[in-house]
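I have a structure I would like to understand better, so I am pasting it below and will then ask my questions one at a time.
The numbers here are math on the coordinates, done by the rules we state, and not lab data. Note that the coordinates shown come from a computational prediction; the quantities given were computed from them, not determined experimentally. Heads up, the Cβs are rebuilt from the backbone with ideal geometry, glycines too, and the neighbour counts pull from every protein chain shown.
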Amino acid sequence: MLLILSVLTSTNAQNKKDSIPSFLGVSYMPAQNWKVWNVTNDDGDFLKHKFDVNSQSTFEGNFGINKIGVRLGLSANIENNFIGKAYRYGGYIGYKSIWLRIQSSKVSGSVEWSGTNPTSFPRTNTFASNYFTIELLKSSKAYKVMAGGAEMNRILGTYWGIGYTTLSIPLKISTLTTPGGRENQKFGKPAYDSLFKAKYYTASFGFDILRQLCMTGGRIGSIPGKPAQKFGIYAATQDKIGFGPGTHSDFAVRMAEEQNPGLKFVDPKGFSTLVHYYLSVGFRYTVTIKPMFMVFAAGYDFEGAGIINFGGAADTKTDLGWESSFFYVAHGVTFKIYLSWIGK
């Protein structure tokens, strides 16, 4: 708590002219549950995932958040991504009207393959990876086109942003063969990837009543002209789309080729798209102890996405193509705390 107070104090002292106050939000999901489905099961549904129960942590705030994020092992500079670079550059030039959100969770467990299997490949495999997202977010002017106008927007807290997401997960691969030409493709023998890896640059839009309540210090409630009540409900949602490379492992290439002798796996690296949705609902309670305003909340978070992979077509009779698109959902109970500096 002393670290949080020092961050808010120093950030507030530096940012007297900011368009948003100094604030920090922390969300913790002690048990995140995952589920994965293949888009294509015409050639069999042979891969079953068993996920471990892992936690997820989310930190957001204006630029002082880095002092806390680094202390807790969350860095904006993972994989030297563009968003992390923009964040650092923004800090140097003092552009503070945007805020940062960092989210990280471990994704681990095991998979079991029930299809035909070359003897050199295990039917069960364990995996462990990190699901990481960093976003630069900014309040939007959606009130210009939304019902209720500016007053409603001040309650909802609409925003937009850009981000970077990495995801690694095992998945089933449907192989594709052809006597010649993509129009003649048919399924070969399927295989599985022990750890498919994807990286996305994203664009998003959403609203967050909880964060907005923190940013306004509770001064604006659902009843016009009156402050927010201490106890209430909240909702937050985000729509996101992303594009980037998706890469199949050497394990997937070797297994697919052994399943389909005489054929050569086409480029294991393709173009991947992410279509993502997030929803959080729950209850919150506010506390004002000047110079700080605090929001405590408990609720349920749900996110789901479709991953569509391109680039695996078979063009010639020696090509072994692939199709590996899938859906996933992740969800669980969350506990949140938001703090903002409102002055004396």
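Report D for region 222-344 in µm² per second (integer): Stokes-Einstein, Kirkwood Rh on Cα pairs, 20 °C, 1.002 mPa s.
Working: Rh = 18.7 Å.
The calculation lands on 114 µm²/s.
Within a Cβ distance under 10 Å of GLY161, other residues only, what is the Lys/Arg minus Asp/Glu net charge? Before the final figure, lay out each step's value.
Values: positive: ARG101, LYS138, LYS240; negative: GLU135.
Around GLY161, the charge tally is +2.
If each of TYR300 and ILE233 carries a label point 7 Å out from its Cα toward its Cβ, how far apart are those two points in nm?
1.2
Compute the signed sum of charges (Lys and Arg +1, Asp and Glu -1) over the other residues within less than 11 Å, Cβ to Cβ, of ALA313. Write out the running numbers ahead of the final one.
Numbers: positive: ARG182; negative: GLU183, ASP267, ASP315, ASP319, GLU323.
That works out to -4.
Between SER110 and ASN41, how many nm apart are label points set 7 Å from Cα along the C-beta direction?
Taking the simple label geometry, SER110 and ASN41 are separated by 2.3 nm.
Can you list the HN-Hα couplings for region 278-291, worked out from phi with the Karplus curve (6.51, -1.76, 1.60; θ = phi - 60°), rounded to whole Hz and with x for Gly and Pro?
Each residue of region 278-291 in turn: 10, 9, 9, 9, x, 10, 9, 9, 10, 9, 10, 10, 4, x Hz.
Which aspartates and glutamates, on any chain, are close to LYS138 with Cα under 15 Å apart, when same-chain ones fewer than 8 places away are left out?
List returned: ASP18, GLU60, ASP208, ASP239.
Would you mind checking the pairs LYS186/LYS240; LYS35/LYS189; LYS197/LYS264 and listing those with alpha carbons more than 28 angstrom apart?
Numbers: LYS186/LYS240 33 Å; LYS35/LYS189 24 Å; LYS197/LYS264 21 Å.
Table pairs above 28 Å Cα-Cα are LYS186/LYS240.
If amide hydrogens are placed 1.01 Å from N in the peptide plane, which non-local residues have theirs closer than 5 Å to the one on GLY221?
LYS226, ALA228
Round to the nearest 0.05 the FRET efficiency obtained for TYR201 and VAL281 when R0 = 30 Å and r is the Cβ-Cβ distance.
Values: r = 28 Å, r/R0 = 0.95.
Once the sixth-power term is evaluated, E becomes 0.60.
Here's a follow-up. Karplus couplings for region 100-113 from phi (6.51 cos²θ - 1.76 cosθ + 1.60, θ = phi - 60°), rounded to Hz, Gly and Pro as x?
Values per residue, Gly and Pro as x: 10, 10, 10, 10, 8, 8, 7, 10, 8, x, 8, 10, 10, 9 Hz.
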